[in-house]
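Q: This structure is in structure tokens; I'll ask about it shortly.
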Amino acid sequence: MIFLIRLAVVTSLLLMGGLAQAQQTGDLFVFPNNGQDQDQQDLDTLQCQRVARDSTGFDPSQRPQASSAPPPDESSSTGRSAAGGAALGAAAGALISGNRNAVIGGAAAGGLLGGARSSRNNRQNDQRQQQWEQQQMAEYNRNRSNWNRAFSGCMESRGYTIS
């Protein structure tokens, strides 16, 4: 039993020692293959980050920026559309019959139609916004993937393993 505990402790220390040599860069881990010391690894990492940035035009250390403006907000207030529909319906009811009940019925129908149109516009606006966000995220992920490949290629050419 004591042997197993010692084995576990030694194995843990060896693994931690091996990982201490690794350096994490974003979502990549860099392992020196040729006995590079930490100063050399830091220099190589910095130089390869510049190479990757210059070759891809992407810098993962910078705050992400949208590549296009978000879609315009074409939604309107449900209350405003309902009120506008009600006024239009009341006017139509008055024109059609001049009857007070027709005016009230026209206002109610117009208000319902205006509210439904506003709700549909809001849903469409939300869908456009979600689609734009998904496009922006996909573009960021493509740029990051290209940067990772450029950085990894540079580091591997200098004698490192990237995972």
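Every number in this text was worked out from the coordinates using simple rules, so none of it is lab data. Treat the numbers as computed from the prediction; the structure is a model and nothing was measured. When we count neighbours, we look across all protein chains shown, and the Cβ atoms used for this are built from the backbone with ideal geometry, even at glycine.
Q: In sequence order, what are the phi-derived ³J(HN,Hα) couplings for region 51-63 according to the Karplus relation 6.51 cos²θ - 1.76 cosθ + 1.60 with θ = phi - 60°, rounded to whole Hz, with x for glycine and proline?
A: So the J values, rounded to whole Hz, are 4, 5, 5, 5, 7, 10, x, 10, 10, x, 7, 8, 5.
Q: Another question, then. What FRET efficiency, computed as 1/(1 + (r/R0)^6) with R0 = 22 Å and r the Cβ-Cβ distance, is obtained for Gln134 and Gln62, rounded to the nearest 0.05? Can you show the working numbers first?
A: Values: r = 21 Å, r/R0 = 0.97.
After rounding, the FRET efficiency stands at 0.55.
Q: Here's a follow-up. Which net charge results when you count Lys and Arg as +1 and Asp and Glu as -1 among the other residues whose beta-carbon is under 12 Å from that of Ala66?
A: Numbers: positive: Arg63; negative: Glu133, Glu139.
Local charge sum for Ala66: -1.
Q: Then there's this: Under 14 Å from the Cβ of Arg144, count the other residues' Cβ atoms, weight Lys and Arg +1, Asp and Glu -1, and hand me the total.
A: Working: positive: Arg53, Arg63, Arg142, Arg149; negative: Asp27, Asp59, Glu139.
Taking every Cβ under 14 Å from that of Arg144, the sum is +1.
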